[in-house]
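First up is the structure itself, then whatever we jot down about it.
Quick note: the coordinates plus some simple rules give every number you see, no bench work behind them. Note that the structure is predicted; figures quoted are calculated from it, not measured. In this analysis, Cβ positions are derived from the backbone assuming ideal geometry, glycine residues included, and neighbour counts consider all displayed protein chains.
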Amino acid sequence: MPSGDERFRVSRRSFIQTLGASAAAGALQSKAAALVETRQPDGASSPPTFGPGPVDIDLKINGKKTTLKVEPATTLLEALRLHAGLTGSKEVCDRGSCGGCSVIIDGKLTVSCMVLAVDAIGSEITTVEGLAKGDDLDPIQAAFVKHDALQCGYCTPGFIVASRSLLNDIPKPTLDQIKHWLSGNICRCGTYTNIFNAVLEASGQPPVADSKPPALPGKVD
Ligand code: FES
Ligand code: FES
């Protein structure tokens, strides 16, 4: 099982380092550069340039090709929410520490606020909107409903995506594995027990019982 930091494919440090190399140059590597290369006129030998103005990119989001025009420094989270209209992924901390913006990229749980949209070119991106099949909820979504695993709901899409990612990798996780995997997602309402129960339910395991609160002094049951 990956460690807490390894669950997410992009660390805050690596993201900042990438930004530090300039959004217009250092961030546009590998797949993005390759894509631009293919857009050069035949025979062109000069290196590709990208930005600083908006650029057209194709992203594969929930199985569909989506063409967006974004600034090179646009994060994947911004691209999803502001350009693609997919607002399920939530911007909470915007610095890789809460998991509210969780998506799955090429099978890896990823915080989308720490990825540049241009670096997601050529990848399979799955957001919370891509989990249900028509009217049929993904089993983890149905389990969240059954176990009332939310209060304000703001953290919920991130938890659902992270839980889906866990179940993809470990179909029957132990409670400790669930807690460990979801340790990068923060619920300010403190709905953790119900969330853990939802994951247990979706993996065909019995839920844990809520611990009984300690008896008040002088109170007789
Ligand atoms: S908004 Fe991305 S981790 Fe918090
Ligand atoms: S349900 Fe409110 S932050 Fe988690």
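Here are some notes:
- Rg [Å, one decimal], Dmax [Å, integer] - the range 139-202, C-alpha atoms: 10.2, 28
- Note on the range 86-204: along the principal axes its Cα atoms extend 37, 28, 27 Å, ordered by decreasing extent.
- Protection proxy ranking, peptides 59-67, 112-120, average beta carbon neighbours within 10 Å, highest first: 112-120, 59-67
- Alpha-carbon Debye profile of the range 56-95, log10 I(q)/I(0) at 0.14, 0.16, 0.21, 0.29 Å⁻¹: -0.29, -0.38, -0.64, -1.09
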